[in-house]
1. Does D162 count as more than 19 Å from T240 (Cα to Cα), among the charged types (D, E, K, R) and not in a loop (DSSP other than H, G, I, E, B)?
2. Can you name every residue in region 237-263 that is among the small types (G, A, S) and at pLDDT 90 or above?
3. Only residues in region 125-153 that are touching a residue at least 24 places away in the same chain (Cβ under 8 Å) and part of a strand (DSSP E or B) count as the first member; pair them with residues that are aromatic (F, W, Y) and crowded, with 22+ Cβ neighbours inside 10 Å, Cβ under 7 angstrom, at least 6 apart or cross-chain, and list the lot.
4. Pick out the one residue from V199, V204, V259, V226 that is farther than 26 Å from G155 by Cβ and touching a strand residue (DSSP E or B) at 6+ places or on another chain (Cβ under 6 Å).
5. Only one residue in A49, A19 is assigned to a loop (DSSP other than H, G, I, E, B), of a type outside the set (S, T, N, Q), over 16 Å from the mean Cα position of the chain (by Cα) and modelled with pLDDT under 90. Which one?
6. Mind counting the residues in region 52-82 that are in a loop (DSSP other than H, G, I, E, B) and within 27 Å of M238 (Cα to Cα)?
Amino acid sequence: MKLSASCLFAAATLVSGIAFAQPAPYSAQERIHWIDGQTVTITYSPAGAPAQVSSAAAAKVLADIEAKFDSLGIAGLDVAIGNREVANGCAGVGRNTVHICWEPRTGTTADARNTGNTDGSVFWREGTIILSSSTTWTEASVYATLMHYMLHVLGFGHPVGDSVQNGAADLTALDISGLQTMYGAGSCALTYDATLRQVEIPFVKYRGGTYTARLQHNGGNDFTIVPGSIGMLNSANMPTSRCHGLAIDANNDLYIPQVNVGNSLFWANLRFENGRLTLTGRGQ
């Protein structure tokens, strides 16, 4: 299978050329990771498909892709097949979907796009994989190409080694390792920096807004917000983390399910009052 040079795209709108030596972690600057807890729903438009890719053949490939991801058993990665008969071609993009469609292309096999969106409260991803109707396809090449671009949409670039990103027919051990690192259990854990005595909060909801911040541990149960570390997330400043589960509730409590402290995972509960946070509970 030949993949064209168009596999190198600009970050944030066209997704492909993120080079890295290991499967994870991925570059936060690319902002392309699927959001934790949101099902990746694959939709398909048969409009413009070449004759060799019948609706039945496409349905089988999509079912095989869903089964492959399901077989991995990765807690934070849920892939499901949605509508396979979307009528409006490549305009069928929707919230939390990866939409597959066809367009005539010269010199390229496929393209992928992944964008982030928000309604001011909730953040989500929208992905598109555009297959070339000018290419001669087999069932195997459709599967391998879609799996290649699914990994781009999920946050992968081109690793060094054997990978479906580098021409393998299916996910390899390297690809699966990257998916497990990115989406597996513990992948949304915060990390306590023992040198700085700080915890980075990449996403937290509070009183209708969404923010980033760093917490400074002052000793004992006392934490404060590092001056200048608060940032507001919105359509102009999309989250760089896929982990969107933290919120300060109506009682001013912040529950953190997992904090990595010296390679051990803890849970923690903090009470936010008068600009300070007090640790009110913790455990393993």
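1. It is false that D162 is more than 19 Å from T240 (Cα to Cα), among the charged types (D, E, K, R) and not in a loop (DSSP other than H, G, I, E, B).
2. If the condition is that a residue be among the small types (G, A, S) and at pLDDT 90 or above, then G245, A247, A250 are the ones that fit.
3. From region 125-153, the pairs are R125/W34; I129/Y149; L131/W102.
4. V226
5. Answer to the check: A19.
6. 6
A quick yes/no check of all residues on (1) within 18 Å of V204 (Cα to Cα); (2) not in a strand (DSSP E or B):
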{"residue": "T224", "(1), (2)": "yes, no"}
{"residue": "G228", "(1), (2)": "yes, yes"}
{"residue": "Y255", "(1), (2)": "yes, no"}
{"residue": "V259", "(1), (2)": "yes, no"}
{"residue": "L265", "(1), (2)": "no, no"}
{"residue": "L270", "(1), (2)": "yes, no"}
{"residue": "G281", "(1), (2)": "no, no"}
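The values are calculated or read from the model by the stated rules, or taken from the named source; none is laboratory data. Note that this is a predicted model, so its numbers are computed, not measured. No Cβ is skipped: glycine too gets one built from the backbone with ideal geometry, and neighbour counts run over all protein chains shown.
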